[in-house]
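Only one structure is covered here, and it is reproduced in the block below.
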Amino acid sequence: MEYKSIEYQYNELVKLLRSERNEAGFWSGRLSSSALATAVSVVAIKVNGDISDQNRISDGMRWLLNHINADGGFGDTPGSKSNVSTSLLSYAAIRYCGGELEAAKSLVKDLESYLAQQNINLRNDDITSSILSFYGKDFTFSVPILSMLVICGVLDEKAGTKIPQLPFEFTLLPASWYSWFNLRVVSYAIPALVAVGIFIFKIRKGHNPIMKWIRNRSIKPSLQKLETIVPKSGGFLEAIPLTAFVAMCLISSGYGNNDITDKGLRFLRNQQRDDGSWPIDTDLSTWVTTLSVKALGEKISKEFSHQEIYKLLSHLKSIQYKEVHPFNLASPGGWGWTNSSGSVPDVDDTCGAILALLELNKTIGSADDTIIDGCRWLISLQNKDGGFPTFCKGWGRLPFDSSCADLTGHALLALCQSLDNLVDKMSSEMQNSLKNCIFRSFGYLWKVQKENGSWVPLWFGNQNTSDRSNPVYGTAKVYIYLKDCLLSDRLEENMKKDIGKLLSRAQYYLLKQQNSDGSWGGELGISGTIEESSLAISALAGIDNSACLKGFDWLENEYIKNGMKSNPIGLYFAMLWYDEKMFPLIYYTEALRRYLK
């Protein structure tokens with residue numbers, strides 16, 4: 001592929017990227033429709049019993065019935081492999097909402113056959129144990145699934161005695177105490193802990209008299225506390241499944257007459273799409289906006305007008321959290337994944353916003369304090385091991401509350417570039433804090449790099465790898481972060497040499513993972529995607545032109561053949577997959593820009 005061809009592709013994709021902005025001047029993206037979100041939403045709405053919702057239920061059921069996989073199961077997206085979670089919930093929804101539809105009766109049998117192949121026998125009295133065993137120590141999803149199976153009549157209430165009691169009464173204690181109790185649900189699932197916990201308590205028999213008294217007394221204050229954190233949109237974390245689980249469990253427990261369920265049901269109605277489906281979440285507007293800005297990098301001042309850059313910068317400044325967040329009591333200074341009200345601040349989006357603002361700030365120059373506040377928030381979340389978690393420092397022992405390589409690499413770059421660009425605006429104390437945080441972050445990345453040179457990401461996977469992880473994505477992302485860190489004027493030479501050693505091992509790994517057709521998938525031998533191939537090229541740009549050009553040849557052919565097709569690379573909590581329309585376009589554009597540079 002010739003240089004002019006690559007340049008032409010870049011210019012064409014920039015036009016396409018520009019066209020994807022919304023009327024406010026930033027990007028909203030579009031998450032794939034989700035069978036899981038659709039299944040739990042139709043059940044929550046049907047449990048509510050409002051006759052005016054009948055068409056919504058029918059439309060949701062019609063979408064579900066049209067999206068079963070050939071093996072008889074359901075995947076999280078139309079392009080996903082079947083999995084137990086989505087198949088179980090779709091099975092319950094179809095039985096509960098499908099009525100006498102002949103198509104529903106046929107699909108029920110197909111689903112039972114698929115689940116039996118996964119060692120889950122729906123006619124076995126011990127189905128509860130099977131599901132708990134399948135999900136292991138993390139109750140974040142297994143217990144809500146079992147609760148919905150009871151609500152839909154798949155399990156009788158006797159099964160409630162085998163469902164673990166979620167200790168909703170603990171939410172009345174100070175949040176700083178939660179980590180002491182090993183609650184076995186992730187930090188952001190508190191609404192489910194309350195709602196599902198109350199539901200289980202109501203259906204279980206033979207309670208310990210003392211605990212029964214405590215829990216009965218805890219229901220009202222727990223609901224009052226939950227009401228205080230319901231966002232304006234009504235959607236907890238803007239997540240459709242979480243909000244639907246909360247609504248169905250509270251209504252089924254006899255506690256449906258409150259703002260929690262009223263706002264939650266309104267949120268679910270508003271999120272249903274014209275084709276009857278629901279996405280897994282409202283959107284990832286902050287994430288796709290900051291990714292888009294970073295994809296254009298230094299060229300954004302050429303591709304966008306001063307006014308357009310001002311709009312982007314003003315938007316990102318406006319959605320930084322300025323007060324303690326009511327949901328998880330996070331300090332001010334961070335960013336969430338969307339500008340919708342249910343979002344909460346997290347490390348990856350805060351890093352993305354800082355890096356995007358640093359680029360935009362070169363043109364406008366009005367975001368210094370905003371960036372420094374973001375850095376201060378980041379530093380406060382660094383774990384003892386030097387890595388960064390997603391939401392809460394040291395909250396729990398489950399994966400989504402632990403440090404991970406891709407988030408830590410992102411934080412390392414955000415802090416390095418902030419120090420480079422704003423050192424004169426920082427106090428000596430702030431400078432020292434950043435330097436210490438950078439040093440510890442690098443130490444963490446050194447420790448967790450695999451022997452083969454890879455890093456494994458947390459929130460992104462590949463359904464086709466043996467363990468569903470995505471070391472190509474993780475390695476490419478961390479490689480890009482570290483490579484950009486080498487441009488820093490503030491890093492000590494010894495650290496730059498050590499970064500070079502990490503990059504050398506990671507480069508070897510990435511080159512070994514390229515498929516014979518020039519693409520990259522989650523690892524060698526896995527079918528390539530635009531997302532993973534583009535990220536690998538961005539990492540190797542300027543390092544190995546031969547591998548990059550071979551990758552561009554594959555990307556061009558893939559684009560001509562299938563368009564800008566997105567793949568289920570995103571991973572939500574408890575193994576829920578999604579794809580995002582903007583990811584392939586963003587990553588492809590960045591690969592072209594980095595290669596041209």
ask   = Got a sec? Charge dipole of the stretch 506-597, +1 on Cβ for Lys and Arg, -1 for Asp and Glu; which of Ile543, Gly563, Tyr508 is way out at the positive end?
value = Ile543
message = Report the Cα centroid-to-centroid distance between the stretch 219-248 and the stretch 67-128 in angstrom, as an integer.
response = 27 Å
query = the stretch 8-73: which GluC sites (Glu not before Pro) are DSSP loop and have at most 15 other beta-carbon atoms within 10 angstrom?
reply = Glu23
task = Could you work out the mean projected area of the convex hull around the alpha carbons of the stretch 476-589, in square nanometres to one decimal?
result = 8.2 nm²
note = As straight-line cross-link partners of Lys212, the qualifying lysines (C-alpha separation under 25 Å, not fewer than 8 residues apart within one chain) are Lys137, Lys158, Lys162, Lys202, Lys220, Lys225
query = Within the set Lys105/Lys263; Lys4/Lys483; Lys299/Lys496; Lys483/Lys597; Lys294/Lys565; Lys477/Lys512, which residue pairs have Cα atoms separated by over 23 Å?
reply = Lys105/Lys263; Lys4/Lys483; Lys299/Lys496
About the Cα centre, charge dipole magnitude for the stretch 33-279 (Lys/Arg +1, Asp/Glu -1 at Cβ), debye = 780 debye
Karplus-derived HN-Hα couplings along the stretch 540-554 (A = 6.51, B = -1.76, C = 1.60, θ = phi - 60°), whole Hz, x at Gly and Pro = 8, 4, x, 10, 9, 5, 4, 5, 5, 5, 5, x, 5, 4, 5
request  = Restricting things to alpha carbons, tell me how big the stretch 33-279 is in terms of Rg and Dmax, in Å.
outcome  = 17.3, 52
ask   = Say the dipole of the chain comes from +1 at the beta carbon of Lys and Arg and -1 at that of Asp and Glu; which of Trp27, Ser133, Ala37 then lies farthest toward its positive end?
value = Ser133
remark   = Once the mean of 1/r over all distinct C-alpha pairs in the stretch 78-120 is inverted, the Kirkwood radius in Å reads 10.7 Å
query = So, with +1 on the Cβ of K and R and -1 on the Cβ of D and E, and no other charges, what is the size of the charge dipole of the chain about its Cα centre, to the nearest 20 debye?
reply = 1220 debye
Packing-based ranking, highest mean first, of 293-301, 2-10 given that Cβ atoms within 10 Å are counted = 293-301, 2-10
ask   = Binned at 10 Å from 0, what are the whole-percent values of the Cα-Cα distance distribution for the stretch 430-479, short to long?
value = 25, 41, 24, 9, 1
Relative contact order computed over the stretch 33-279 (Cα-Cα under 8 Å; 6+ residues apart), in percent = 25 percent
request  = Can you find, among Thr171, Asn83, Pro471, the residue farthest towards the positive end of the dipole of the chain? Put +1 on the C-beta of Lys and Arg, -1 on that of Asp and Glu.
outcome  = Thr171
ask   = Does anyone have the angle between helix 54-65 and the longest principal axis of the chain? Alpha-carbon axes, 0 to 90°, nearest 10?
value = 60 degrees
inquiry  = Step by step: find N for the stretch 1-136, compute 2.2 N^0.38 Å, then divide the Cα radius of gyration by it. What's the final number?
reply    = 1.44
ask   = What are the semi-axes of the equivalent ellipsoid of the stretch 246-396, taken as the square roots of 5 times the eigenvalues of the Cα gyration tensor, listed largest first and rounded to whole Å?
value = 32, 21, 13
task = Per residue, how big is the convex hull around the C-alpha atoms of the chain? Give it to me in cubic angstrom, could you?
result = 147 Å³
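None of the figures in this text is laboratory data; all of them are computed from the coordinates on show. This one's a predicted model, so the numbers in the text were calculated from it and none came from an experiment. Glycine gets a Cβ as well: all are built from the backbone with ideal geometry, and neighbour counts include every protein chain shown.
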